[in-house]
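This report concerns only the one structure given below.
Quick note: the coordinates plus some simple rules give every number you see, no bench work behind them. Keep in mind that this is a model prediction, so the values were computed, not measured. No Cβ is skipped: glycine too gets one built from the backbone with ideal geometry, and neighbour counts run over all protein chains shown.
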Amino acid sequence: MVKWTDFERAAIQDIFSKIDYDVVGPAALSRCLVVYPWTQRYFSGFGNLYNAAAIKSNPKVAAHGRVVLQGLVQAVSNMDNIKAAFADLSVLHSEKLHVDPGNFKLLGDCLTIVIASQLGKDFTAEVQQAFQKFLNVVVASLQKQYY
Ligand code: HEG
């Protein structure tokens with residue numbers, strides 16, 4: 001059971017109240033697909049991922065980026081039980097999508113970069129610490145049903 005300080009809870013809530021979901025989700029996913037090209041293999045049905053420009057303007061990538069962010073909003077709403085909230089999602093990524101579990105951290109790193117650039121000076125080291133802890137729990141929860 002993860003324990004959150006009042007500061008960590010407030011920082012996570014604050015981040016998700018400030019960011020533009022329609023920008024952050026698509027930007028983080030497209031960044032992940034560009035920076036770590038092997039992650040593209042799961043999105044073969046998404047059409048043109050030929051280069052960075054194609055990835056950034058691909059409407060399916062943008063739509064899926066928003067889906068991922070909605071997943072994170074679920075985690076924010078279930079901060080005290082993220083593992084349970086993500087149990088089905090973990091099974092899906094493991095057994096159906098066969099996503100290499102190491103990729104969750106890569107997407108998390110891209111999320112951090114995009115959110116840092118959106119929040120600017122508000123993304124202090126203390127806020128980053130809270131966000132990193134949140135991402136660690138999200139990643140561990142998505143990895144939980146792997147064997
Ligand atoms: Mg995943 C589907 C969330 C990382 C590949 N992902 C989904 C869905 C959600 C989600 C909510 C929709 C599930 C459904 O339809 O029931 N994904 C999610 C989160 C994170 C993550 C919160 C990590 C922060 N996903 C992730 C990574 C990859 C991946 C790293 C691959 C590199 N996800 C993936 C694919 C699908 C989903 C291929 C199905 C997409 C589709 O066919 O539309």
Relative contact order (%) - segment 1-133, alpha-carbon pairs under 8 angstrom, separation at least six: 38 percent
Residues of segment 18-33 with amide N under 12 Å of the 7 Å Cα→Cβ point at ALA63: none
Mean residue ellipticity (222 nm) of the chain, computed from DSSP H runs ≥ 4 via -39,500 (n - 2.57), nearest 500: -20500 deg cm²/dmol
Net lengthening on full extension, LYS18/LYS96 (0.36 nm per residue, minus Cα-Cα): 24.7 nm
Reach of LYS3 by Cα under 29 Å, taken over lysines that are not fewer than 8 positions away in the same chain: LYS18, LYS83, LYS105, LYS121, LYS133, LYS144
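Specify whether the C-alpha gyration tensor of the chain places it in the rounded, prolate or oblate class, a ≥ b ≥ c being the square roots of the eigenvalues: rounded for a/c under 1.5, otherwise prolate if a/b is larger than b/c and oblate if not.
Oblate.
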Axial C-alpha extent at least 20 Å, average Kyte-Doolittle at least 0.0 - helices from the chain (DSSP): 21-35, 59-77, 103-119, 125-143
